[in-house]
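Below is one structure; the comments refer to it alone.
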Number of protein chains: 2
Amino acid sequence: MTEAPSAADAPAPDEGAGVSGVSRRGLFGLAIGAGAAGIAIGAGAGATAGVAVGRARAEDAAASVYDFFGAHQAGITTPVQDHLHFASFDMMARTGRDDLVALLQDWTYAASRMTQGLEVSATGAVGGSPEAPPDDTGEAQGLAASGLTITFGFGPTLFELDGVDRYGIAAQRPVGLVKLPSFLGDDLQPDESGGDLFVQACADDPQVAVHAVRNLSRIAFGRARLRWSQLGFGRTSRTTASQATPRNLFGFKDGTANILASDSAALDEHVWVASSDDPVWMAGGSYLVARKIAMLIETWDRVRLSEQDAIIGRDKGEGAPLSGGDEFTDPDFTATDASGAAAIPATSHVRLAHPEFNDGLRILRRGYNYVDGNNDLGRLDAGLFFLSYQRSPEQFVRLQRALSTDVMNEYIRHVGSGVWAVPPGVQPGSFVGAGLFA
Amino acid sequence: MTEAPSAADAPAPDEGAGVSGVSRRGLFGLAIGAGAAGIAIGAGAGATAGVAVGRARAEDAAASVYDFFGAHQAGITTPVQDHLHFASFDMMARTGRDDLVALLQDWTYAASRMTQGLEVSATGAVGGSPEAPPDDTGEAQGLAASGLTITFGFGPTLFELDGVDRYGIAAQRPVGLVKLPSFLGDDLQPDESGGDLFVQACADDPQVAVHAVRNLSRIAFGRARLRWSQLGFGRTSRTTASQATPRNLFGFKDGTANILASDSAALDEHVWVASSDDPVWMAGGSYLVARKIAMLIETWDRVRLSEQDAIIGRDKGEGAPLSGGDEFTDPDFTATDASGAAAIPATSHVRLAHPEFNDGLRILRRGYNYVDGNNDLGRLDAGLFFLSYQRSPEQFVRLQRALSTDVMNEYIRHVGSGVWAVPPGVQPGSFVGAGLFA
């Protein structure tokens, strides 16, 4: 293992002409901090003279460069970016433990660069030999880091598939990391569910997120294959108080009561795996649940406003609970309306999901809206790509069960699903999930 | 027909409580200029007191509000926005001329509002009767106009379908408005091709573009139905000199030599239909060609850099022609390399498409990159959603034929196609395409 450079402004190593797309394992863990915004990466030996191979960095984008290395992976409490490219991968047949470790090392190296606004390798799109395919696919040249975060995790099948421990890690599987149980109304499609590995790329420029997934997919060639993927726009949560609460495709504000990045007590209680939790290698990590939730928006759009409000338990304009106040007023579930009925209906989404009725359970949501074209009936294939991070998958399971009587279920279909262990953050010189292989 | 208010700051009319989603024909043509950024639309009679129904406008977004009314439709020479939602519609069975006119009037009214950052009607998402479905689906509440433009046009089938003149307009059909001929390598899918009408929504926020198409689709209910649609990100052209040239998913700059909005002579020659052209109702209009071009990006990514450059005829890093200079240097097709061969290969894309070899033909391109998930082989379903505006569809046909020997064809598949007449801009008090029905 190569010792990682310690200086944040160390120039990226030159892999040499003619080396393209092959192992970067000797270089993973390169410590490029946010302070490296000014780096101009030198052209490789084979580069055309005068061609700058580094991605240009917009001056005003420096603020949206997030560290890749840290105690936790970025992309969980990071201020939610505008765009998502999510990808689920399956390991390919005849791969072994060494292949998996090498893939994670290669992904770590590439992610540590791309999140800093750099190309996927030192030679990038045009700095390698003209007689070789470029390392970097090139469509992000000239674009800023755009707040890119890349988050990785491990699905239940990575630990054991059909009873086979392909990678010698079955004994390390977190007890709670199992395929989610069936829920009422599930209409899950296998080709939009599950996966051995996930990659969540979030950025304020969709081309930057797409570039990341494309290049990670390319790096995985021969070892892991894209199983399914999802583009999302219009975040449906916020993780900082300064982010306005966005709206989902039902037209309602979504994420008002989300756990904020500043609430470290809530994060420790509900999101981060504690060092006292099993297994030890997950300490500082989390669990991701993804649910692709198709919305029957044409049907919803025909529901009268008062009924929409009643289903959600908040008013559509302001997002205030129906018990009164503004968006950030706590709901008062004891309040009644003029007729003496509960102001916030007992079947409303906000009440069914509220910690007060769920033993204090909370999750950190990080979803996005999506539109995947339209169906044969001329209806937009649209909905919510729900993403939540929690200390244990059980939190999601219990909350989802609590929603079984949610009237909103008439207007949604869960069509995709997955759960993954999200290892803790990466230390410089190491790779994502290293603790699993210690 | 209601006379349109002439004052740019006229408040939006109140449609009255309980009127929801029905005809807005009496109100189309509302003249809301860019100067109306500060309008606060009053709540309808049935609105909850204190609820603001106007969409909030970000202070710094005022500059990206484009007039809906004008000599030409917006969204053609408008500085290309970051996001696209394109939709093709078919008129439904048993609709007649009045239905078509009414739809165009309703669409005009809604588009004239949404492009100004307003809700789809005066009562919007929450200003109508609580006992009625809202007029506006609501997901754009709180979002700025975001540079939204909405552009409309008419396909060949609108004028005549299977020999039937459904709307009494067959005699008005432009001679050149016919289904595009087949091109070598076409692999067109009927469910991603054609359509009686198109709507092109471009905005700097994808949620704003999606909101526009969703609401226009909703307004069309019972009259026209979404046939196919496409989301795009990462514009692949520029229409102003101040816009940096973006990159397509081959990693190359795209749109370097595009016609700029400032080049009125070129626009008049190549893009706008002249008043001396037939038919008269198209004067000031244009023709749109859409081509969904799937890129075999994994295959392309394995091509060596020198070959990629040779296929395009420009270098990947800078975008300069292979004859030398920088991105904006004119290609010198007579230049030779050290071996005496043409510096810009005769089979290169830039040469095959260059006006010098095509009788001076030019088109205005306005395309976007797209990613539609992935296929069963784990490959991203990605490519270029090519959009071009031209004075006659023949310009595209001739250029596309000139590309028949383009080596790039090995790496692309045309999977969708359409051509539409784009009527001139709308005058306040009128509706899009009114001249067709005069």
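The values are calculated or read from the model by the stated rules, or taken from the named source; none is laboratory data. Just so it is clear, the model here is predicted, and its values are computed rather than measured. Glycine gets a Cβ as well: all are built from the backbone with ideal geometry, and neighbour counts include every protein chain shown. Accessible surface areas use protein heavy atoms only, side chains included; no ligands, DNA or RNA. Shrake-Rupley method; radii C 1.70, N 1.55, O 1.52, S 1.80 Å.
For the range A:146-157, indicate whether the set of residues that are without any contact (Cβ under 8 Å) to a residue 60 or more places away in the chain and within 14 Å of chain B (Cβ to nearest Cβ) is non-empty.
no
I'm trying to understand the selection: among the residues of the range B:276-321, which are part of a loop (DSSP other than H, G, I, E, B), more than 14 Å from chain A (Cβ to nearest Cβ) and touching a residue at least 12 places away in the same chain (Cβ under 8 Å)?
B:Asp277, B:Asp278, B:Pro279, B:Ala283, B:Gly284, B:Gly285, B:Gly313
Looking only at the range B:354-380, which residues are touching a Gly at 6+ places or on another chain (Cβ under 9 Å) and part of a loop (DSSP other than H, G, I, E, B)?
Residues satisfying the conditions are B:His354, B:Arg366, B:Gly367.
Answer with yes or no whether B:Arg227 is more than 21 Å from B:Pro190 (Cβ to Cβ) and in contact (Cβ under 8 Å) with a residue 24 or more places away in the chain.
No.
Can you give me the number of residues within the range A:238-255 that are surrounded by 18 or more Cβ atoms within 10 Å (Cβ to Cβ) and either part of a loop (DSSP other than H, G, I, E, B) or among the β-branched types (Val, Ile, Thr) (or both)?
Looking only at that region, the number is 11.
Could you grab me the full set of residues in the range B:261-275 that are over 16 Å from B:Val175 (Cβ atoms) and in contact (Cβ under 8 Å) with a residue 24 or more places away in the chain? Talk me through it step by step, then tell me what you get.
From the range B:261-275, those over 16 Å from B:Val175 (Cβ atoms) are B:261-272, B:275; that's our starting set.
Passing the criteria: B:Ala261, B:Ala266, B:Leu267, B:Glu269, B:His270, B:Val271, B:Trp272.
When A:Val422 is evaluated against the numbered criteria (1) closer than 27 Å to A:Ala310 by Cα; (2) surrounded by 22 or more Cβ atoms within 10 Å (Cβ to Cβ), which criterion, by number, is the only one it fails?
Among (1) closer than 27 Å to A:Ala310 by Cα; (2) surrounded by 22 or more Cβ atoms within 10 Å (Cβ to Cβ), the lone unmet condition for A:Val422 is (1).
What number of residues within the range B:362-405 are over 20 Å from the mean Cα position of the chain (by Cα), over 16 Å from B:Ser182 (Cβ atoms) and not basic (Lys, Arg)?
9
Within the range B:135-161, take every residue that is assigned to a loop (DSSP other than H, G, I, E, B) and open to solvent by 10 Å² or more (accessible area, probe 1.4 Å) and give me the one that is farthest from B:His83 (Cα to Cα).
B:Glu160
Looking at (1) touching a residue at least 12 places away in the same chain (Cβ under 8 Å); (2) more than 16 Å from B:Ala434 (Cβ to Cβ); (3) more than 14 Å from every other protein chain (Cβ to nearest Cβ), which is the one condition that is false for B:Arg94?
Going through (1) touching a residue at least 12 places away in the same chain (Cβ under 8 Å); (2) more than 16 Å from B:Ala434 (Cβ to Cβ); (3) more than 14 Å from every other protein chain (Cβ to nearest Cβ) one by one, B:Arg94 breaks only (1).
Among the candidates B:Trp228, B:Trp272, which residue alone is among the hydrophobic types (A, V, I, L, M, F, W, C) and closer than 15 Å to B:Tyr370 by Cα? Before you say what the answer is, go through the steps one by one.
On the way: B:Trp272 fails: closer than 15 Å to B:Tyr370 by Cα.
On inspection, the qualifying residue turns out to be B:Trp228.
Please indicate, with yes or no, whether at least one residue in the range A:183-202 is without any contact (Cβ under 8 Å) to a residue 40 or more places away in the chain and more than 12 Å from every other protein chain (Cβ to nearest Cβ).
No, that holds for no residue.
Take the residues in the range A:203-213 that are part of a helix (DSSP H, G or I) and either open to solvent by 10 Å² or more (accessible area, probe 1.4 Å) or closer than 15 Å to A:Ala144 by Cα (or both); name whichever of them is farthest from the other protein chains (Cβ to nearest Cβ).
Only one residue fits best here, namely A:Ala212.
Listed here are the residues, each with its yes/no results for (1) hydroxyl-bearing (Ser, Thr, Tyr); (2) within 14 Å of another protein chain (Cβ to nearest Cβ); (3) open to solvent by 20 Å² or more (accessible area, probe 1.4 Å).
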site	(1), (2), (3)
A:His349	no, no, yes
A:Phe357	no, no, yes
A:Arg365	no, no, yes
A:Asp372	no, yes, yes
A:Ser388	yes, no, no
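Considering the range B:110-135 alone, what residues qualify as being more than 8 Å from chain A (Cβ to nearest Cβ) and either under 17 Å from B:Phe69 (Cα atoms) or acidic (Asp, Glu) (or both)? Steps first, answer last, please.
Of the residues in the range B:110-135, the ones more than 8 Å from chain A (Cβ to nearest Cβ) are B:110-124, B:127, B:135.
Hits for the range B:110-135 are B:Ala110, B:Ala111, B:Ser112, B:Arg113, B:Met114, B:Thr115, B:Gln116, B:Gly117, B:Leu118, B:Glu119, B:Val120, B:Asp135.
B:Gly195 is checked against (1) over 30 Å from B:Glu327 (Cα atoms); (2) out of contact with any Gly (no Cβ under 6 Å at 6 or more places or on another chain); (3) of a type outside the set (D, E, K, R) and fails just one. What number does that condition carry?
Failing condition for B:Gly195: (2).
Could you say which residue among A:Gly50, A:Gly96, A:Gly54, A:Gly75 is of a type outside the set (A, V, I, L, M), open to solvent by less than 40 Å² (accessible area, probe 1.4 Å) and modelled with pLDDT under 95? Show your work before the answer.
On the way: A:Gly50 fails: open to solvent by less than 40 Å² (accessible area, probe 1.4 Å); A:Gly96 fails: modelled with pLDDT under 95; A:Gly75 fails: modelled with pLDDT under 95.
On inspection, the qualifying residue turns out to be A:Gly54.
Being basic (Lys, Arg), more than 11 Å from every other protein chain (Cβ to nearest Cβ) and out of contact with any helix residue (DSSP H, G or I) (no Cβ under 9 Å at 6 or more places or on another chain) is the filter here, so list the residues in the range A:214-249 that pass it.
Answer for the range A:214-249, where residues must be basic (Lys, Arg), more than 11 Å from every other protein chain (Cβ to nearest Cβ) and out of contact with any helix residue (DSSP H, G or I) (no Cβ under 9 Å at 6 or more places or on another chain): just A:Arg238.
List every residue pair whose Cβ atoms lie under 6 Å apart, where the two residues are 6 or more positions apart in sequence or sit on different chains, the first residue falls within the range A:168-180 and is within 22 Å of A:Gly96 (Cα to Cα), and the second residue, located anywhere, is exposed (fewer than 14 other Cβ atoms within 10 Å of the Cβ).
If the second residue must be exposed (fewer than 14 other Cβ atoms within 10 Å of the Cβ), the pairs left are A:Gly168/A:Arg97.
Which of (1) among the β-branched types (Val, Ile, Thr); (2) under 29 Å from B:Gly232 (Cβ atoms); (3) modelled with pLDDT of 95 or more; (4) touching a strand residue (DSSP E or B) at 6+ places or on another chain (Cβ under 8 Å) is the odd one out, the single condition A:Thr157 does not satisfy?
(2)
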